[in-house]
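Beneath this line is the structure, given in structure tokens, with notes to follow.
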Amino acid sequence: MSANGKPYYITTAIAYASGKPHIGNTYEIVLADAIARFKRQEGYDVHFQTGTDEHGQKIEEKAAAAGVTPKEYVDKTAAEIKRIWDLMNTSYDRFIRTTDEDHEKQVQKIFTKLYEQGDIYKGSYEGMYCTPCESFWTKSQLVDGKCPDCGRPVTPAHEEAYFFKMSKYADKLIEHIESHPEFIQPVQRKNEMINNFLKPGLQDLCVSRTSFKWGIQVPFDPKHVTYVWLDALVNYITGIGYDTDGNHGDMYKKYWPADLHLIGKDIVRFHTIYWPIFLMALGEPLPKQVFGHPWLLQEDGKMSKSKGNVIYADDLVKIFGVDAVRYFVLHEMPFETDGVISWDLLVERFNSDLANTLGNLVKRTISMSNQYFGGVLENKGVTEPVDDDLHAVVLGTKAQIEKDMEGLHVADALTHIFNLFKRCNKYIDETTPWILAKDEDKKDRLSTALYNLADSITIGATLLEAFLPETSAKILAQLNTEKPAMDDCDKAGRFVSGTKVTEDPETLFQRAKPEDIMKEVEKLYPAKKEEKAEKKAKKSKAPAVKMDLKKAQNKENIVYDDFAKCEFRVGVIKEASLVENSEKLLCFKVQIGEEERQILSGIRKYYPEPEKLIGMKVMAVTNLAPRKMAGLESCGMLLCAEDAEGNLALMTPGSDTIGTGASIE
């Protein structure tokens, strides 16, 4: 249903302007952009804000080390962050900087108001300080003597400071969280905040510093600068026209309270305890929801420059393109648990999902339309039962992704859209246009089938827009069709009958060879090349293993009569797909003579793109008793060969002249 212009305000955490953001940092802005774009498609009047957090001791120290002023330093890093956000095609409405004049003015007024009403008082602090996290800790809070948040060293600190009376609002906040179950998501973050921080009792919060100068001055006590969290968090209201004196701008009146603060799980505490308490003290409404998303990790853990395992978004874009990178970070991040990024997985997803499932589908459909009908597609109304199943999947996708996006299950929404495209590919195999084209009497059926494909792809491309905007636009342009309204994406007939598609379809995603990708990676990250060479050197130094065939045998001998009980026959793979809820299984439909068998095989690791196996001749045991695997029935076994390292490969007949159904003697 259309939102009819209802306001929707979404924010990301503002990026700390201490350096270039890596792909894990970039994930957040892409995630927020997908949500913002989807809400616009639904008819919401969206305001999307992001930006940079530019004050603090860490930046003052980095600027000094670089021989520049703090302002010169943050001007450069903020520009770099904004460049990457723009590179990723993110549609933010404001990029706020905490050095912006309107923001700094309101921070000073907020500090003064909270002081004058008794929420802030002057004292002194003695404890342990973590510069990277901008956080104070007591010794009892440390973990192995280090910062409990980031694990880095802390230093003793003692200084005069202003403090906010957090405990004054703690009970009110607990009541709000418990009466608004949607306020903190996922639920496990909510439980952490209540059990680990609120119920044990809140300490008063240090909100000013005197040991460095790079910050917003406290107006009535200039030797103090506002501490990072009171400065940074209020960007969500200063950026839309909040005024401490009550003279709020029209945008603030329209968009506050925010519908969604999208942040990393490591700063949930600041956004669900400090921030709502500041708002309570100011007498302002609380945001409707704070979502603490998980992290995108490298295979060897959290990305860190000190570990040397950082991957940058612009480097990925050079290799794969913007939409491919958007697809990967959105698709691979679970709702609650951390996601993992690796070069192998990037290549696999690029080839299997983007090049094969989506790109090949679009190109095949348009090419067949040009080949058989000069590019003009008409719905002749010659239907078959298989059309109903296609329409059920395609027209049911909108409702599925609306539900997914409402719950912020963005990866699930993308999966549902690609299931639509997979169903289209299956429809091609079911309708066999190349066979229909040989029969003049089937011409209208062929036209209807190709029309159904174009119509389905039109709907799929429209639903894809929020996630892969450039790809969506390219698909619709190649089909020469207008983008339908979101409300109409559960209805057939979005592609206008009689439309002529483009004559020369573009390859949306060109399949990549893993070895070519790794060459590019080694150019960008020389350490990877050194790591690869080191592994190779270690392997070459390893002592050779002499095979002893007798020792290698680990199964009992059988007599010929046992072997003769097995029926081996040749089949051809008609369908091949991944089995849901299984990390090992593939599901094959194998034509064996006049019979089609469903056979499951635990070889997913060796064939991550099962669609490529379609048409391949294989050898199968056909008199094996059926068995259930992952809820599916398997009627047979495909034969594989195993090498010394345990790698498996499907066995095929040695001659192409051997037909399907032939017995293997």
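The values are calculated or read from the model by the stated rules, or taken from the named source; none is laboratory data. Note that the structure is a prediction, hence the values are computed from the model and not measured. Reconstructed Cβ throughout: ideal geometry from the backbone, glycine too, with neighbour counts over all protein chains shown.
Against the test of being part of a loop (DSSP other than H, G, I, E, B) and either touching a residue at least 40 places away in the same chain (Cβ under 8 Å) or at negative phi (or both), the options ALA413, ALA466 yield a single qualifying residue, ALA466. When you scan segment 126-134, do you find a residue that is in contact with a His (Cβ under 7 Å, 6 or more places away or on another chain), at pLDDT 85 or above and buried (at least 19 other Cβ atoms within 10 Å of the Cβ), even just one? No; the residues of segment 126-134 include none that is in contact with a His (Cβ under 7 Å, 6 or more places away or on another chain), at pLDDT 85 or above and buried (at least 19 other Cβ atoms within 10 Å of the Cβ). Listed by first and then second residue, the pairs with beta-carbon distance under 7 Å, at least 6 apart or on different chains, first residue in segment 584-599 and in a strand (DSSP E or B), second hydroxyl-bearing (Ser, Thr, Tyr) and modelled with pLDDT under 85, are GLN591/THR660; ILE592/THR660.
Find all pairs meeting these conditions: Cβ atoms under 6 angstrom apart; at least six residues apart or on different chains; first residue within segment 335-364 and under 18 Å from TYR312 (Cβ atoms); second residue at pLDDT 90 or above and of a type in the set (Gly, Ala, Ser). If the second residue must be at pLDDT 90 or above and of a type in the set (Gly, Ala, Ser), the pairs left are VAL347/ALA512; PHE350/ALA324; PHE350/ALA512. What about LEU330, is it within 23 Å of GLY264 (Cβ to Cβ), at pLDDT below 95 and assigned to a helix (DSSP H, G or I)? No.
Output yes when any residue across segment 152-159 is in contact (Cβ under 8 Å) with a residue 60 or more places away in the chain and surrounded by 15 or more Cβ atoms within 10 Å (Cβ to Cβ), and no when none is. Write out each step before concluding.
From segment 152-159, those in contact (Cβ under 8 Å) with a residue 60 or more places away in the chain are none; that's our starting set.
The answer is no, given that none of the residues of segment 152-159 is in contact (Cβ under 8 Å) with a residue 60 or more places away in the chain and surrounded by 15 or more Cβ atoms within 10 Å (Cβ to Cβ).
Under the condition of being free of Cβ contacts under 8 Å to residues at least 60 places away in the same chain, touching an Asp or Glu at 6+ places or on another chain (Cβ under 8 Å) and part of a loop (DSSP other than H, G, I, E, B), the residues counted in segment 102-149 number 1.
When every residue of segment 20-37 is checked against the conditions, at least one turns out to be crowded, with 24+ Cβ neighbours inside 10 Å, aromatic (Phe, Trp, Tyr), outside any loop (DSSP other than H, G, I, E, B) and touching a residue at least 60 places away in the same chain (Cβ under 8 Å).
All conditions but one from (1) more than 29 Å from PHE320 (Cβ to Cβ); (2) assigned by TED's automatic domain parsing to the domain that holds LEU316 apply to LYS82; the one that does not is (1). Go through the residues of segment 244-255 one by one and say whether even a single one is touching a strand residue (DSSP E or B) at 6+ places or on another chain (Cβ under 9 Å) and in a loop (DSSP other than H, G, I, E, B). Checked against the condition, which is being touching a strand residue (DSSP E or B) at 6+ places or on another chain (Cβ under 9 Å) and in a loop (DSSP other than H, G, I, E, B), segment 244-255 yields no hits at all. Against the numbered list (1) in a helix (DSSP H, G or I); (2) at pLDDT below 95, ASP323 comes up short only at (2).
Taken over segment 345-378, the residue count meeting the criterion of being surrounded by fewer than 16 Cβ atoms within 10 Å (Cβ to Cβ) and touching a helix residue (DSSP H, G or I) at 6+ places or on another chain (Cβ under 7 Å) is 1.
Select from segment 169-195 the residues that are touching a helix residue (DSSP H, G or I) at 6+ places or on another chain (Cβ under 8 Å), assigned to a helix (DSSP H, G or I) and not β-branched (Val, Ile, Thr) and list them in ascending order. Result: TYR169, ALA170, LYS172, LEU173, HIS176, GLU178, ARG189, LYS190, GLU192, MET193. Set side by side, the residues PRO222, PRO287 differ, and just one is part of a loop (DSSP other than H, G, I, E, B), farther than 22 Å from GLN49 by Cβ and not hydrophobic (A, V, I, L, M, F, W, C), which is PRO222.
Residues checked against (1) part of a helix (DSSP H, G or I); (2) in contact with a Phe, Trp or Tyr (Cβ under 7 Å, 6 or more places away or on another chain); (3) of a type outside the set (Ser, Thr, Tyr); (4) on the phi > 0 side of the Ramachandran plot:
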position	(1), (2), (3), (4)
HIS47	no, yes, yes, no
THR52	no, no, no, no
LYS58	yes, no, yes, no
TYR73	yes, no, no, no
LYS76	yes, no, yes, no
ILE81	yes, no, yes, no
ILE84	yes, no, yes, no
ASN89	no, no, yes, yes
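If I ask for residues that are buried (at least 18 other Cβ atoms within 10 Å of the Cβ) and hydrophobic (A, V, I, L, M, F, W, C), which ones from segment 379-394 would you list? Passing the criteria: LEU390, VAL393, VAL394. Tallying residues that are touching a residue at least 40 places away in the same chain (Cβ under 8 Å) and either of a type in the set (Lys, Arg) or assigned by TED's automatic domain parsing to the domain that holds THR50 (or both) within segment 229-260 yields 1.
Which residue out of GLU126, GLU134, GLU101 is of a type in the set (D, E, K, R) and out of contact with any strand residue (DSSP E or B) (no Cβ under 9 Å at 6 or more places or on another chain)? Let's see the steps before the verdict.
On the way: GLU126 fails: out of contact with any strand residue (DSSP E or B) (no Cβ under 9 Å at 6 or more places or on another chain); GLU134 fails: out of contact with any strand residue (DSSP E or B) (no Cβ under 9 Å at 6 or more places or on another chain).
Sole residue among the options that is of a type in the set (D, E, K, R) and out of contact with any strand residue (DSSP E or B) (no Cβ under 9 Å at 6 or more places or on another chain): GLU101.
Does segment 404-422 include one or more residues that are more than 16 Å from GLY460 (Cβ to Cβ), under 32 Å from the mean Cα position of the chain (by Cα), crowded, with 22+ Cβ neighbours inside 10 Å and assigned by TED's automatic domain parsing to the domain that holds ALA461? Checked segment 404-422: at least one residue is more than 16 Å from GLY460 (Cβ to Cβ), under 32 Å from the mean Cα position of the chain (by Cα), crowded, with 22+ Cβ neighbours inside 10 Å and assigned by TED's automatic domain parsing to the domain that holds ALA461.
If you check VAL310 against the conditions, is it among the β-branched types (Val, Ile, Thr), modelled with pLDDT under 95 and crowded, with 22+ Cβ neighbours inside 10 Å? Explain how you work it out, then say what you get.
Details: among the β-branched types (Val, Ile, Thr): yes; modelled with pLDDT under 95: yes; crowded, with 22+ Cβ neighbours inside 10 Å: no.
So VAL310 does not fit the description; no.
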